[in-house]
Amino acid sequence: MQDSHQATASILETRGLTKDFKGFTAVKDVNLTVREGTIHAIIGPNGAGKTTFFNLLTKFLKPTAGSIIYNGNNITRHKPADIAQHGLVRSFQISAVFPHLSARANVSIALQRTLGVSYHFWRSRAVLDQLQEQAQALLDQVGLSEFGDTLAVELAYGQKRALEIATTIALEPRLMLLDEPTQGMSAEDVSTVTDLIARVVKGRTIVMVEHNLNVVSTLADTITVLNRGEVLAEGNYDTVSQNPAVMEAYMGTTDAE
């Protein structure tokens, strides 16, 4: 975990965030404050509203009520592409890489944004050639040094997630939004990706939805627990894991074992 004492300013806030679907309230009046330089986890039992809340943060859904403040600016009505330009970048639950391009090419494409030529497709070969060394350095960071020429489709599942993290970092995010980064992984891959996140996110802020409580306990500075669309508890892992309401929501019991 990062040193949360060094992070006092908020980078992301939600105020009364609410989402209704034809009479069903999936997210209800959620107030959240994410401190810069920390890892903030969103957890909760199935049906708690985590995915809906995450989709509101990343602008894939429009809120029924409430507001989202990012870096001091109201982004409630912004589009996903708009917020990405300001350093708020989402990594998807399903690995979002180009399967038939090499690992190095995937990272190089993401790096194009830093040169301001992301849409100059006729220049893409020349641009990619310039970025090979930088792309390889990012692959080195995420433990894929030997897989630069390997097609993404040929990588193991955990390696694909590592590649996705490399492409996300290449976009130079100020705030990374990770959607279930260890979903569907073996125990070995979970450990590898957890260590990877802890290593590469220094100096960055992360909001993550994660179902694996071992991952959350290892990485998160602050945890917000959602249940039935509302905030049930918030604090560090020790605080929320011992909260009777949280234990009841997860396991149907208030007995601490």
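The values are calculated or read from the model by the stated rules, or taken from the named source; none is laboratory data. All figures in this text were calculated on a predicted structure; none of them were measured in a lab. Heads up, the Cβs are rebuilt from the backbone with ideal geometry, glycines too, and the neighbour counts pull from every protein chain shown.
For V209, the requirement of being in contact with a helix residue (DSSP H, G or I) (Cβ under 7 Å, 6 or more places away or on another chain) and either over 27 Å from H100 (Cβ atoms) or among the acidic types (D, E) (or both) is met. When A166, A135 are screened for being crowded, with 21+ Cβ neighbours inside 10 Å, over 17 Å from A198 (Cα atoms), among the hydrophobic types (A, V, I, L, M, F, W, C) and out of contact with any Pro (no Cβ under 9 Å at 6 or more places or on another chain), only A135 passes. Please name all residue pairs, on different chains or six or more residues apart, with Cβ atoms under 9 Å, provided the first residue is in segment 204-216 and is assigned to a loop (DSSP other than H, G, I, E, B) and the second residue is of a type in the set (S, T, Y). That search, which allows pairs on different chains as well, returns E210/T182; H211/T182; N212/T182; N212/T194. Annotation: E180 fulfils all but one of (1) within 11 Å of the chain's Cα centre (by Cα); (2) crowded, with 21+ Cβ neighbours inside 10 Å; the unmet one is (2). When L151 is tested against (1) in the same structural domain as S108 (by TED's automatic domain parsing); (2) surrounded by fewer than 21 Cβ atoms within 10 Å (Cβ to Cβ); (3) touching a residue at least 60 places away in the same chain (Cβ under 8 Å), only condition (3) is not met. Annotation note: of A187, A245, the sole residue that is more than 18 Å from the chain's Cα centre (by Cα) and closer than 22 Å to T51 by Cβ is A245. Taken together, G66, G37 contain a single residue that is out of contact with any Cys (no Cβ under 6 Å at 6 or more places or on another chain), without any contact (Cβ under 8 Å) to a residue 60 or more places away in the chain and surrounded by 15 or more Cβ atoms within 10 Å (Cβ to Cβ), which is G66. Which of the residues belonging to segment 178-203 are hydrophobic (A, V, I, L, M, F, W, C) and not in a loop (DSSP other than H, G, I, E, B)? Correct list: L178, A187, V190, V193, L196, I197, A198, V200.
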